1. Of all residues in the stretch A:6-30, which are at the interface with chain C (Cβ under 7 Å from one of its Cβ atoms) and modelled with pLDDT under 90?
2. Could you list all residues from the stretch A:62-95 that are farther than 30 Å from residue B:39 by Cα, surrounded by fewer than 23 Cβ atoms within 10 Å (Cβ to Cβ) and at the interface with chain B (Cβ under 8 Å from one of its Cβ atoms)?
3. Can you tell me which of B:267, B:327, B:273, B:296 is buried (at least 16 other Cβ atoms within 10 Å of the Cβ), touching a strand residue (DSSP E or B) at 6+ places or on another chain (Cβ under 6 Å) and at pLDDT 90 or above?
4. For residue C:176, all conditions in the list (1) out of contact with any helix residue (DSSP H, G or I) (no Cβ under 7 Å at 6 or more places or on another chain); (2) within 10 Å of chain A (Cβ to nearest Cβ); (3) part of a loop (DSSP other than H, G, I, E, B) hold save one; what is the number of the exception?
5. Among (1) in contact with a strand residue (DSSP E or B) (Cβ under 9 Å, 6 or more places away or on another chain); (2) over 25 Å from residue C:156 (Cβ atoms), which single condition is residue A:57 missing?
6. Given the conditions (1) modelled with pLDDT under 95; (2) more than 8 Å from chain B (Cβ to nearest Cβ); (3) under 30 Å from residue B:82 (Cβ atoms), and given that residue C:44 satisfies all but one, which numbered condition is not satisfied?
7. Look through the stretch C:260-271, keep the residues that are in a loop (DSSP other than H, G, I, E, B) and over 16 Å from residue C:217 (Cα atoms), and return whichever of them is nearest to the other protein chains (Cβ to nearest Cβ).
8. Given the conditions (1) in contact with a helix residue (DSSP H, G or I) (Cβ under 9 Å, 6 or more places away or on another chain); (2) part of a loop (DSSP other than H, G, I, E, B); (3) surrounded by fewer than 24 Cβ atoms within 10 Å (Cβ to Cβ), and given that residue C:219 satisfies all but one, which numbered condition is not satisfied?
């Protein structure tokens, strides 16, 4: 790396020493182990190949015919198999290396065996994955009067992208693959603004419309045919801690359960591991729910009274508090 | 695609068969037609070229002079013309192919004629587009005390990016180009977190600040000089359905109308096709509005009473419900 | 750029003239100056190199050892020095060129001197930057029961990405580098949905969870050990204006102050330059705060009464207003 401009300040040796020292003094931010880390590039390729298998003709090679399809599918599956096994193995070995003091941690050869097994299971899951995504695409079309065709939801809907990635990440999560599910999910989060933890269990025919700001926590359970809008949080109340004040990471249920055919409109917040929203409930926009709702109910909030004042009336006397802005 | 690692599990023929079968059984997720689909890459190039025409010197080639400008503009327009016509034609032909049973659907030659016409109209619209964007850039600067120069809003403001893409998408939408407007809009949505349906009609001098989570529905109408903050929804109430429970896609007005110089602060929600917010109204942050507001009014909510409790007072006895979190 | 398809409509000379005219008539959208503008590509490279220095082994070159580390660090620092000085100089010279009528504006040679100085200060800041980021990574792990390891927060947490970029941008902001801090911040905003103005002052051990829709204004001050969730706004009330109605850009404090160890849950809004949230306060989700809160308090809102109605009861008679949706 040669300086492109002669007057660039040379980096003095003292600074290099100070930065290297700061690295040694703070092992938390540094990985000098020998394991190959997961590769974002390879994970992105994996997700793209899966997209091409789930939506053939819409993504990837164009001009597919009934004759060319089988060979095309074989090539895609082969590409998925290579990348999936490679990345699962990297994640397992890396975790192994980091956790060497952890007695439960598998040896390297054991990592490789687990990676092969998880990959085989994942490949076998693909037809079911396609079937679930098809139910989600139908739900997107059926749920949005602005959708003119099913393919519009495949091409353009962040909610379809989010559930596509979630169903992949959730399978890997339930098969005990570390790190990789989160990396897949964060890719989707970045692209869509929809943050679904890979641990969340979500039934068929799920649709998130618009989706910006949606957060769905790790232990959420959602039935079939549910619909959620932008800004909805399915979250935790306060977290359990040990006597020293450290969080308990016991995996207990911290987030709510939705039954079947539940609709939650924009900005509503539903919190708590014991909170169960029954079948066919509708939660109105901006409602804050921390208790269970029996099936078949519509939940609204008593809207706070609106205060209208004429602009001219308050002109010149408007105090800061008259118009709570948020800008 | 050769396996990079020898022990990669071979993809067995049975799996290929199962996946191929799943594709045949679910035609919804698959496109085996002969039409060339719209290309995201080409659409991205189209948007970039338009950005260079709208903001010459700020984007694209640097060091432009009054002498080099005309040739530069000609080249950019030529690049826009090629990509616009190509993508509009792809979208029309593809829609044609998918809708073959639809009697209203234009033939392929007719698609090409329509694409030429829409492209010609779009090119002629560019000076007006630039004029509208200039009004939006002024509104961004005039509306944000944190903006130190106009160019800062051109370089950095997601709200300027969102309205730039929207004005392009809206023109194409009103000229009956299928799919392409949504693809352009979703690009902007991904980059900015601002989701403006291409159908929304928005007057000059429009500014969205911050913008994450903003949703503006298909049949929204917005006057001139309006300003909107992050998390604002201009949305629908419940959707009309036919007797079988399917959504009616009749294009009736489902979303609100804003007059001129309306300001809507962060997180406010305005819903309904009959809801009209009059000229010069100000909607305070987090207000939920489902009815019309006459012009010249400030709308606040009666804030719910705040409950303060000392931390130490509740220490040890805090129940889950004391601190509704949302984490 | 040759047309790829023969029937592409030639761009007629009249249209070129009209677009060129629209450029001359609207100088606001056009930069024909001689200064080299900041380069997004170079800025992205700068941020990537800094990421590799802050998280060696996690990002960038793999397989680092104690032996190879010092040379690696030297190369990275060298790359940072070149790009930082180049971009700072571009921003200073460009601003200089735009502001020629501004008496306070430094000459070109002075710009170069300032760029060298700011770069030297920035390089010297890197060990402290690493130390602060380490405190943030610890806060992320300590604050989220769904985080299984510290490295998960480095790989996957948008909140870590956002504060990483903010700490870089804030340093440059406080050293009077124009434009560059905003460009760095908007990159993070696009990737994470978290919008922190470079001017905001944020203490150690800061954690934003999920983060979509978070807005933190220019004059916010945040103590140590604070935690914020998705959708939180720390914003301004109404803006001060001069007698002509133009915004005052005086840099007065428009945004709130948080003490140490303050937690603000999802969707809460805290507004106003005089609003101070004391040490150890907890603001519950969705609360709207425009006044100060003394230290050690939990703030909830009296939840508005929920209205439950059975679905079947209202079937067929549901008016639009029964279910305020937001879709």
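1. The initial filter retains those residues of the stretch A:6-30 that are at the interface with chain C (Cβ under 7 Å from one of its Cβ atoms), namely A:8-9, A:11, A:15-16, A:18-20, A:22-23, A:26, A:28-30.
Of everything in the stretch A:6-30, those that are at the interface with chain C (Cβ under 7 Å from one of its Cβ atoms) and modelled with pLDDT under 90 turn out to be A:8, A:9, A:11.
2. If the condition is that a residue be farther than 30 Å from residue B:39 by Cα, surrounded by fewer than 23 Cβ atoms within 10 Å (Cβ to Cβ) and at the interface with chain B (Cβ under 8 Å from one of its Cβ atoms), then A:86 is the only one that fits.
3. Details: B:267 fails: touching a strand residue (DSSP E or B) at 6+ places or on another chain (Cβ under 6 Å); B:327 fails: at pLDDT 90 or above; B:273 fails: touching a strand residue (DSSP E or B) at 6+ places or on another chain (Cβ under 6 Å).
Answer to the check: B:296.
4. (2)
5. Every condition holds for residue A:57 apart from (1).
6. (1)
7. Across the stretch C:260-271, the extreme among qualifying residues is C:266.
8. Just one mismatch for residue C:219, condition (1).
The values are calculated or read from the model by the stated rules, or taken from the named source; none is laboratory data. Because the structure is predicted, anything quoted here is derived from the model rather than measured. Note that each Cβ is placed from the backbone with ideal geometry, even for glycine, and that neighbours are counted across all protein chains shown.
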